[in-house]
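The values are calculated or read from the model by the stated rules, or taken from the named source; none is laboratory data. Because the structure is a prediction, the values reported are computed rather than measured. Here the Cβ positions follow ideal geometry from the backbone for every residue, glycine too, while neighbour counts run over all protein chains shown. We work out accessible area using only protein heavy atoms, side chains counted, and drop any ligands, DNA or RNA first. Shrake-Rupley method; radii C 1.70, N 1.55, O 1.52, S 1.80 Å.
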Amino acid sequence: MNDFVPAPLPVCGARRLLPDQLVPAARAFAPPDTTEPEHVDRDLRCVLQAHAAGDHHAYVMHIDGRDTGSVWARWDRSEGPLALTVLPDCRVRAPEPLDEGCCQYADHPGGHCYELTDPWQPTAVPAVSTAHPREM
């Protein structure tokens, strides 16, 4: 039996916040017949395999429709300019038994999302916190 086991490649994880003024710009990529506002991810996190060079890429918003791709944010350093672009979806699927699609964009560098290990586990955080961090 030949079971596919993904390679344990680390994810980049570089983070940025999508500025308020870019939320309408992201939504403007949605087709004009969209009846509900699209969900725009504001907490950006590079989903590519860990890299020392090249731009970071983070998913921002799915565009409804077949073969429409998604809106992605791109930046080159932590405080550098942030650009939005529509990129086609990656169509690579993991071999059996996983048989899941890659959640990144077409022709992305590095491993596919099902090949990456991601130790980051988001936790529920209160919307507004007035508590001060404890000193250790």
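Please enumerate the residues belonging to the stretch 20-44 that are open to solvent by 40 Å² or more (accessible area, probe 1.4 Å), part of a loop (DSSP other than H, G, I, E, B) and modelled with pLDDT of 90 or more.
Scanning the stretch 20-44 gives ALA28, ASP41, ARG42.
If you take the residues in the stretch 45-71 that are part of a strand (DSSP E or B) and touching a helix residue (DSSP H, G or I) at 6+ places or on another chain (Cβ under 7 Å), which one is farthest from ALA30 (Cα to Cα)? Reasoning before the result, please.
Here is the first cut: in the stretch 45-71, the residues part of a strand (DSSP E or B) are 45, 49, 56-62, 70-71.
Keeping just the survivors that are touching a helix residue (DSSP H, G or I) at 6+ places or on another chain (Cβ under 7 Å) gives 60-61, 71.
Values: VAL60: 12, MET61: 9, VAL71: 9 Å.
Only one residue tops the list, namely VAL60.
Taking the stated definitions as given, is ARG74 open to solvent by 80 Å² or more (accessible area, probe 1.4 Å) and assigned to a strand (DSSP E or B)?
Yes; evaluated as a whole, the condition is true for this residue.
Looking only at residues that are closer than 25 Å to ASP33 by Cα, of a type outside the set (Asp, Glu) and assigned to a strand (DSSP E or B) in the stretch 77-91, which one is most open to solvent (accessible area, probe 1.4 Å)?
That would be VAL86.
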